[in-house]
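What follows is a single structure, written as structure tokens, with notes after it.
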Amino acid sequence: MSEADWKRRPEGGGRAAIRLIAAIARHGGRGIARLCLYPITAYFLLVRGAERRASRAYLGRALGRRAGLWDVARHIHTFAATILDRVFLLGGRMDLFDIRTDGTRELLEQLDQGRGVLLFGSHLGSFDALRALGRQRPDLKLRVLLDRAHNAAITELLAELDPGLAAGIIDAGQGGPAVVLAIQQALEEGAMVALLVDRARPGETALHAPLLGAPAPFPTAPWLIASVLKAPVMLAFGLYRGGNRYDLLFEPFAPALEVPRAQRAEALSALVHRYAGRLEHHLRGAPWNWFNFYDFWHSEVPHPAPLDAGGVAGRLRQRAGDGGRR
């Protein structure tokens, strides 16, 4: 199953399901809500064959052996657990979690200089674990790139749980140049701007780099955006370790990206290969945290286009449309 096919499949739930699980979580508590994870896991395991097959194929790569049904169940359960925890993380219930952080010194040094930072995340673990930074430094500003219209149910829930963060969303549904300008303004205000950079959408310009033993497509738009804005880039990983434990990891990637037009292909390829290497490193250490339930490795993508801020922003806007659907 390709990403395009996966995106067209109906979600396991919808607005009503999101509301229901959120209500159970908020009124019954995390312990009771976690009991719901077992029927949810069983549903996906028994009914959603395409996702089950994609999980088994991925786990075979990550684990280096044939993945069994129990492995797939653990994979789905991990995904469901992180989705549930979003309700509590976004609701400010940080007291429920044991979140260990690493690499914050480098991040805070950049922010303390008044420089905004691009935080490049992925569909590995929970990006919402970034909320742990607010406990350390309430003054930090976080802006998230998200298509409001595409993720209406998530956006509405976010507005209820964290009105401040919801108000700071950079709407990826606006025009391409407007997206770039909004990111630039947030960076000038000293904010962290978070976006997911691992998934190349159908028709999006991408480059291939080795991941778990085979070439995989990665979008070029985030790297071009960073080059245009000359912003510091850090990688962020919120890895779920089971129970109430998360590891929030930050890695400096570049103080400012340079993608010269004359060497554009080589420069982009080097950046994508570096990123893929770091992503694989964390995949090996937390294989159950990978939440791309489609054939990630076999997507047909075009070759890179010339550097153009407006075009880059448009492709970034298209990719950011899946921000609420992990």
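The values are calculated or read from the model by the stated rules, or taken from the named source; none is laboratory data. Only a predicted model underlies this, so the values are computations on that prediction, with no experimental measurement involved. When we count neighbours, we look across all protein chains shown, and the Cβ atoms used for this are built from the backbone with ideal geometry, even at glycine. Side chains included, ligands, DNA and RNA excluded: accessible areas come from the protein's heavy atoms. Shrake-Rupley method; radii C 1.70, N 1.55, O 1.52, S 1.80 Å.
Report the accessible area of Arg30, computed with a 1.4 Å probe over the heavy atoms of all protein chains in place, in Å² rounded to the nearest 10. Accessible area of Arg30: about 40 Å².
Taking amide H as placed 1.01 Å from N in the peptide plane, the amide H of Ala191 sits under 5 Å from that of Gly116, Val117, each at least 5 places away or on another chain.
For Arg53 and Met94, the FRET efficiency from 1/(1 + (r/R0)^6), where r spans their Cβ atoms and R0 equals 45 Å, is about 0.75. Other residues whose C-beta falls under 13 angstrom from the C-beta of Leu187 contribute a net charge of +2, scoring Lys and Arg +1 and Asp and Glu -1. Accessible area ranking (1.4 Å probe, heavy atoms, ligands and nucleic acids excluded), largest first, for Thr220, Thr101: Thr101, Thr220. When the surface is traced with a 1.4 Å probe over the full set of protein chains, Met234 keeps roughly 10 Å² accessible. Taking 0.36 nm per residue of sequence separation and removing the Cα-Cα distance, the Arg245/Ala262 pair yields an extension gain of 1.5 nm.
Summing charges over all other residues whose Cβ lies under 9 Å from the Cβ of Asp98, with Lys and Arg as +1 and Asp and Glu as -1, gives +3.
Ordered by solvent-accessible area of protein heavy atoms (1.4 Å probe), largest first, the residues Ser269, Ser55 come out as Ser269, Ser55. Per residue, the solvent-accessible area of region 145-274 (1.4 Å probe, heavy atoms of protein chains only, all protein chains present) comes to 35 Å².
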